[in-house]
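Once you've had a glance at the structure underneath, I'll fire off some questions.
Readers should treat all values here as calculations from the given coordinates under stated rules, not as data from a laboratory. Keep in mind that this is a model prediction, so the values were computed, not measured. Note: ideal-geometry Cβ built from the backbone for every residue, glycine included; neighbour counts use all protein chains shown.
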Amino acid sequence: MHRWFKTAAVALLALALACTTSPLGRKQLKLFPDSEMNQMGLAAFDEMKTAVPVSTDAAVNAYVRCVAEAIVAQAADPTGVAGWETVVFVDETPNAFALPGGRIGVHTGMLDVAVTADQLAAVIGHEVGHVIARHGNERISTAYATSTGLQIIQALSDHPESEDTRRVMGLLGLGSQVGILLPFSRVHEREADLIGQDLMARAGFDPAASVELWRNMVAAGGAEPPEFLSTHPSSASRIDELEANLATTRPVYEQARAAGRRPNCRPPR
Ligand SMILES: [Zn+2]
């Protein structure tokens, strides 16, 4: 299973220091070729599928895929994703993730927080935003660029079952299943929010639902915040920024609806 870690280590030997620019124009450190990141993401996703039960509920799968397919159809992916795949995991915790290589995971528990198709579109749009903005690559590159990162990469080839291996999976945005929660930075969260809201609007989902989603998420928090909030930290300004951005995305949404993009995805319950 961990051939990809060795592949990554080999790739690093031929590493050329590189920078790239996020879809919102921010300069990023990008040490890994997209193809290597995509291999890592696919392998990490396979690992998740062996670790967490996959839902066989046809109605739930059809619903989540309906939303995800509408979103990814609008995603301008610069990373060479060959095709997107969405899997529903049977897990009560309200969580979701997307990985380089085009893999999307949604926990069944997320459907208790994202209670409409538009709200689920906000979740998936946000996650796809992390992927097309290469946030995983940036996080692993940053870790690699420090002395700690160097040790990680050396450990990967020799100790695929190590804590360092799980750390890389954490850097890709996976959570409690790998035992290490590594929250995205506020900068990454903001980018994913804005990209996600744009994607949902282009797909014909009401972008205002992104505001509802985060209100639901905060309300679901209470004494023990959802894991999604642990890996996707919120801030007081998040909802304000999403609301302010509606001035940009609402016309995009109206245009999409007028063009006939009206995804008909119905929650199964
Ligand atoms: Zn996020």
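Test of understanding: what is the full-extension gain from ALA236 to SER176, defined as 0.36 nm times their sequence separation minus their Cα-Cα distance?
19.1 nm
Something else about it: Within the P(r) computed for the range 3-258, what percentage of the Cα pairs occupies the region above 28 Å?
So the portion of pairs separated by more than 28 Å is 29 percent.
Arranged from highest to lowest average of other beta-carbon atoms within 10 Å per residue, in what order do the peptides 86-92, 209-215 appear?
209-215, 86-92
A further question follows. How much net charge surrounds ASP193 when only the other residues with a Cβ under 12 Å from the Cβ of ASP193 are counted, with Lys and Arg +1 and Asp and Glu -1?
-4
Mind listing the long-range amide H neighbours of LYS30? Cut-off is under 5 Å, sequence gap 5 or more, other chains count too, H placed in the peptide plane at 1.01 Å from N.
Result for LYS30 returns ALA18, CYS19, THR20.
Right, another one. Let me check against my output: what whole-number percent is the relative contact order of the chain, with C-alpha pairs under 8 Å and at least 6 apart?
This gives 21 percent for the chain.
Quick one: 3J(HN,Hα) in Hz for the range 239-248, Karplus 6.51/-1.76/1.60 with θ = phi - 60°, rounded, Gly and Pro as x.
Values per residue, Gly and Pro as x: 5, 4, 5, 5, 5, 5, 6, 4, 4, 7 Hz.
Also, quick follow-up: Sequence-distant or interchain residues sharing an amide H contact under 5 Å with PHE89, placed H: which?
SER55, VAL106, HIS107, THR108
Whole-Hz ³J(HN,Hα) for each residue in the range 131-142, computed from phi via Karplus 6.51 cos²θ - 1.76 cosθ + 1.60 with θ = phi - 60°, x for glycine and proline: what do you get?
6, 6, 8, 6, 5, x, 4, 5, 5, 5, 4, 5
Between CYS19 and ALA259, what length in nm is gained on full extension when 0.36 nm per residue of separation is reduced by their alpha carbon distance?
82.7 nm
In the chain, which Cys residues have no partner Cys with a Cβ closer than 4.7 Å?
That list is CYS19.
When DSSP beta bridges are limited to those with both residues in the range 3-258, what percentage is antiparallel, rounded to the nearest 5?
Of the beta bridges lying entirely in the range 3-258, close to 60 percent run antiparallel.
Work out how much length ALA82 to THR50 would gain on full extension: take 0.36 nm times their residue separation and subtract the Cα-Cα distance, in nm to one decimal.
9.3 nm
Now for a separate question. Would you kindly derive the ³J(HN,Hα) couplings of the range 53-60 from the backbone phi angles with the Karplus curve 6.51 cos²θ - 1.76 cosθ + 1.60 (θ = phi - 60°), listing them in order in whole Hz, with x for Gly and Pro?
Result, rounded to whole Hz: x, 9, 5, 10, 5, 4, 5, 5.
Once the dipole of the chain is set up with Lys and Arg at +1 and Asp and Glu at -1 on Cβ about the Cα centre, which of ALA145, ALA236, GLN74 lies farthest towards its positive end?
Towards the positive end, the residue furthest out is GLN74.
Rounding to the nearest 20 debye, state how big the charge dipole of the range 24-81 is about its Cα centre with +1 on each Lys and Arg Cβ and -1 on each Asp and Glu Cβ.
About 280 debye.
Output the peptides 254-261, 104-111, 58-65, 129-136 sorted from most to least packed, where packing is the average of other Cβ atoms within 10 Å over each peptide's residues.
Going from most to least packed, we get 129-136, 104-111, 58-65, 254-261.
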